[in-house]
Amino acid sequence: MEANKWHNNFLGVRQQHNYMLYKFIDDVLRHDPIDRFVEIGTGSGALSVILGLHAVQRGTHLLTFDIQIRGRKPTLDKVFDALGIEFVQEDCFDNIERVLNYIDGRPCFFFCDGGNKPKEFNTFAPLLPADSIIAVHDYMTKEVSPEDISKATKGFTPILEQYWREEIFDIRTCFYRKDKL
Ligand SMILES: C[S@@+](CC[C@H](N)C(=O)[O-])C[C@H]1O[C@@H](n2cnc3c(N)ncnc32)[C@H](O)[C@@H]1O
């Protein structure tokens, strides 16, 4: 057992984030009226399980997209089934209508972790209902800079910003809540 922050296992699958992200998601969701959950980039599925649990607790299910299934171990399928996770093996940008139908005008937790995170944020953020929360992984890395998403964050308020900017937590993820009009 090694004391690594990154690339640990969760339910036997490789994490592409760290455990502290689960705490941030918990804190961000604690007082929010979220009742839809969308993830772009299922990958190994570890984060999907966390989001799927939050969804079940709120009487809904997670909708998650990945263009491939390669990253996911079949052993996780049972967990996905138990949580009612809806996995769609398609490009998220070909499914905008499907996402909006699923969200159905309700506050949504939207996690951008696919292949083009700035495009995911800039495409979906303007479409989300008020009180939705949108998060982007690999923020402040070469994948996503603040400038990449600055235009689309207008009308959003950062959540727990003083913490996700702290290097000590190193979650590489920012969170924004959509303001009411
Ligand atoms: C960084 S990984 C996701 C990690 C995952 N959240 C986890 O916890 O393991 C990015 C994933 O996004 C997928 N992807 C890339 N472009 C996509 C797109 N346009 N639509 C849906 N998925 C996409 C890739 O196939 C890859 O599995």
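The values are calculated or read from the model by the stated rules, or taken from the named source; none is laboratory data. Nothing here was measured: the structure is a model prediction, and the numbers come from that model. As a convention, Cβ positions derive from the backbone with ideal geometry for all residues, glycine included, and neighbour counts pool all protein chains shown.
The table that follows gives values for the structure above.
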{"item": "Positions within region 74-102 being at pLDDT below 95 and either within 11 Å of the ligand (Cβ to nearest atom) or closer than 18 Å to ASN122 by Cα (or both), in sequence order", "result": "LEU76"}
{"item": "Any chance GLY105 is exposed (fewer than 15 other Cβ atoms within 10 Å of the Cβ), more than 15 Å from the ligand (Cβ to nearest atom) and either farther than 25 Å from LYS154 by Cβ or of a type in the set (Phe, Trp, Tyr) (or both)", "result": "no"}
{"item": "Failed item in (1) away from the ligand (no atom under 16 Å from the Cβ); (2) farther than 25 Å from ARG58 by Cβ; (3) surrounded by fewer than 19 Cβ atoms within 10 Å (Cβ to Cβ), with LEU160 passing the rest", "result": "(2)"}
{"item": "Whichever residue in region 131-157 is closer than 21 Å to ASP35 by Cα and either touching a Pro at 6+ places or on another chain (Cβ under 7 Å) or among the aromatic types (Phe, Trp, Tyr) (or both) and, among such residues, is surrounded by the most Cβ atoms within 10 Å (Cβ to Cβ)", "result": "SER132"}
{"item": "Residues located in region 125-147, provided they are within 21 Å of THR60 (Cα to Cα) and within 15 Å of the ligand (Cβ to nearest atom)", "result": "ILE134, ALA135"}
{"item": "Given (1) outside any helix (DSSP H, G or I); (2) within 14 Å of the ligand (Cβ to nearest atom), index of the condition ASN122 fails", "result": "(1)"}
{"item": "Hits in region 16-38 (condition: out of contact with any Cys (no Cβ under 6 Å at 6 or more places or on another chain) and basic (Lys, Arg))", "result": "LYS23, ARG30"}
{"item": "Meets criteria (in a helix (DSSP H, G or I), among the hydrophobic types (A, V, I, L, M, F, W, C) and within 20 Å of CYS174 (Cα to Cα)) for LEU47", "result": "yes"}
{"item": "Leading residue by the ranking (farthest from the ligand (Cβ to nearest atom)) among those in region 23-48 that are free of Cβ contacts under 8 Å to residues at least 60 places away in the same chain and surrounded by fewer than 20 Cβ atoms within 10 Å (Cβ to Cβ)", "result": "HIS31"}
